[in-house]
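Step one of this worksheet: look at the structure below.
The values are calculated or read from the model by the stated rules, or taken from the named source; none is laboratory data. Model, not experiment: these values are computed from the prediction. So basically every Cβ, Gly included, is an ideal-geometry build from the backbone, and we count neighbours across all protein chains shown.
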Amino acid sequence: MYMLQSPQLIELSRFTSLPAEFRQRTRSVWADANRPGRATDSFLEGPVFDGKGNLYVTDIPFGRVFRVDVIGRWNLVAEYDGEPNGMKFLDERTLLIADYKNGLMRLDIASGKTEPFVERRNSERFRGVNDLVFDSAGNLYFTDQGQTGLHDPSGRLYRLRPSGQLDLLLNNVPSPNGVCLSPDESVLYLAVTRGNCVWRVPLMADGSVAKVGQFFTSYGPSGPDGLAADEQGRVIVANPGLGYVWVLNTRAEPVYLLRGPAGASTTNIAFGGEGRRRLFVMDSTHGDVLIADMDVAGLPIQRGPCANW
C-alpha cells in the first residue's frame, strides 16, 4: 500500500530586509481594510527579476516599487497613487503591474513613470486585480480578487490576448490570487486564498476552460497566495497564514516544506539566481526577502508581446 511521505523540511534564510529609511510609520487605507489593528510599515509582494539579476518588489499599501540588486541593496524605483501587487516585465525597461486600486498599470523603470494599461472591462472597474502571468504566445492571465471570499465567491480570472481581446475565464472564485502555468502551458494553477486551496484550470485549444478542479487543499487562517512552477512541473505554493512554502509534485503531494521564521507571512515567490535555482520568498510581516536553494530550476518567466501593445 502506498504511504504518503512527510515532506522534507527546509528553513528559509533571510537574504535582505527593507531598510529602515523606507519603512512608513503612517496608516494606509489598504492596511486599515486588510490588516486592521496591526501596524503595517510595508507589505512586500510581486517579486520578479530582470535580465541582470535585479529583483523588483512592490509595497502595496504605500504604492511603491523597489529594485534589490544581487547583493541585497535597495533602491526606490517608483512611488505613486496606487496599490501595486503582482508584476511581470513587458520588455527590459517596462513592468506591468497588477494594481489593486487602478487595474493594470505600466511602469517605466528608468523614469519611474506609471500609466494606465487596462483600467476597466466593458466600462466596469475591476474589483481589485492581484497577480499575473504571461504564456509563451503573449497571452496574459490575471486575477481580479477584490474582497471576495467564501461569503462572496465572485472573484475572476481573465485572459488578455495580444490582439487586445479580454476574455473572462472564471467568475466564481472565492478570492483568486497567485497564478502560474505548467511547463507545457496546458494547465493554469490558481491560488484560491479564502477557499484555502489551489485550483487546476485546464486551458482548452479553443480558448475556453473546462473541468476546473481542486488540485491542493491547505489549512490555517489564510490560504495559498503566490505560486510558481519548476522545470519538473512541481507547483510551489506560498501560504502566508502558516509562514510556509509548499513544493508539490504533480500529484499535489508536498515533497518539501520551506518554513519561514516565527510570525512570517510568506506571500509571494520567484525563482532567481544562477540557473534559476534559488527561490526568493517575500515575508511581508517583517519586510524581508527570504531564500532557499532548490534542487530543480524554476521555469523561465515569459514577457509580454510589447511590440503589439
Out of D50, D69, which single residue is over 23 Å from R156 (Cα atoms), exposed (fewer than 15 other Cβ atoms within 10 Å of the Cβ) and of a type in the set (D, E)? D69
Of all residues in the range 84-98 being under 21 Å from N177 (Cβ atoms) and out of contact with any Asp or Glu (no Cβ under 6 Å at 6 or more places or on another chain), which is surrounded by the most Cβ atoms within 10 Å (Cβ to Cβ)? I97
Out of the strands (runs of 3 or more DSSP E) lying entirely within the range 204-249, which hold 2 or more residues that are more than 17 Å from N268 (Cα to Cα) and either more than 18 Å from the chain's Cα centre (by Cα) or small (G, A, S) (or both)? 213-217
Return the residues of the range 1-13 that are part of a strand (DSSP E or B) and either crowded, with 16+ Cβ neighbours inside 10 Å or of a type in the set (A, V, I, L, M, F, W, C) (or both); say none if nothing qualifies. L9, I10
Could you pull out every one of the strands (runs of 3 or more DSSP E) wholly within the range 30-136 that has 3 or more residues that are free of Cβ contacts under 8 Å to residues at least 60 places away in the same chain? 55-59, 64-68, 74-79, 84-91, 94-99, 103-108, 114-118, 129-134
Any residue in the range 279-298 that is in contact (Cβ under 8 Å) with a residue 24 or more places away in the chain and among the acidic types (D, E) sitting within a Cβ distance under 7 Å of a residue that is in a loop (DSSP other than H, G, I, E, B) and surrounded by 24 or more Cβ atoms within 10 Å (Cβ to Cβ)? List the pairs, counting only those 6 or more apart or interchain. D283/G260
Test result for D69, modelled with pLDDT under 95 and either of a type in the set (K, R) or closer than 24 Å to L299 by Cβ (or both): no
Is it true that A270 is in contact (Cβ under 8 Å) with a residue 60 or more places away in the chain and surrounded by 23 or more Cβ atoms within 10 Å (Cβ to Cβ)? yes
Looking at this structure, is F280 among the aromatic types (F, W, Y) and touching a Lys or Arg at 6+ places or on another chain (Cβ under 8 Å)? no
Can you confirm whether G112 is at pLDDT 95 or above, surrounded by 11 or more Cβ atoms within 10 Å (Cβ to Cβ), more than 29 Å from W246 (Cα to Cα) and more than 19 Å from the chain's Cα centre (by Cα)? yes
Log entry, pairs with first residue in the range 234-257 being acidic (D, E), second being outside any strand (DSSP E or B), beta carbons closer than 9 Å, six or more apart or on different chains, reads E253/L4; E253/Q5; E253/P7
Out of the residues in the range 1-45 that are modelled with pLDDT under 95 and among the β-branched types (V, I, T), which is nearest to P254 (Cα to Cα)? T40
Of all residues in the range 14-29, which are out of contact with any helix residue (DSSP H, G or I) (no Cβ under 8 Å at 6 or more places or on another chain) and assigned to a loop (DSSP other than H, G, I, E, B)? L18, P19, R23, R25, T26, R27
Evaluate the range 148-159: report whether one residue or more is surrounded by 16 or more Cβ atoms within 10 Å (Cβ to Cβ), in contact (Cβ under 8 Å) with a residue 60 or more places away in the chain and over 17 Å from the mean Cα position of the chain (by Cα). no
Does any residue in the range 207-219 that is closer than 26 Å to L160 by Cβ come within less than 7 Å, Cβ to Cβ, of a residue that is of a type outside the set (F, W, Y) and loosely packed, with under 13 Cβ neighbours inside 10 Å six or more places away or on a different chain, and which pairs are these? A210/M204
In the range 260-294, anything in a strand (DSSP E or B), touching a Ser or Thr at 6+ places or on another chain (Cβ under 9 Å) and not hydroxyl-bearing (S, T, Y) is listed as N268, V281, M282, D283, D288, V289, L290, I291, A292
Checking T114 against (1) of a type in the set (S, T, N, Q); (2) farther than 23 Å from F280 by Cβ; (3) out of contact with any Leu (no Cβ under 8 Å at 6 or more places or on another chain), which single condition isn't satisfied? (3)
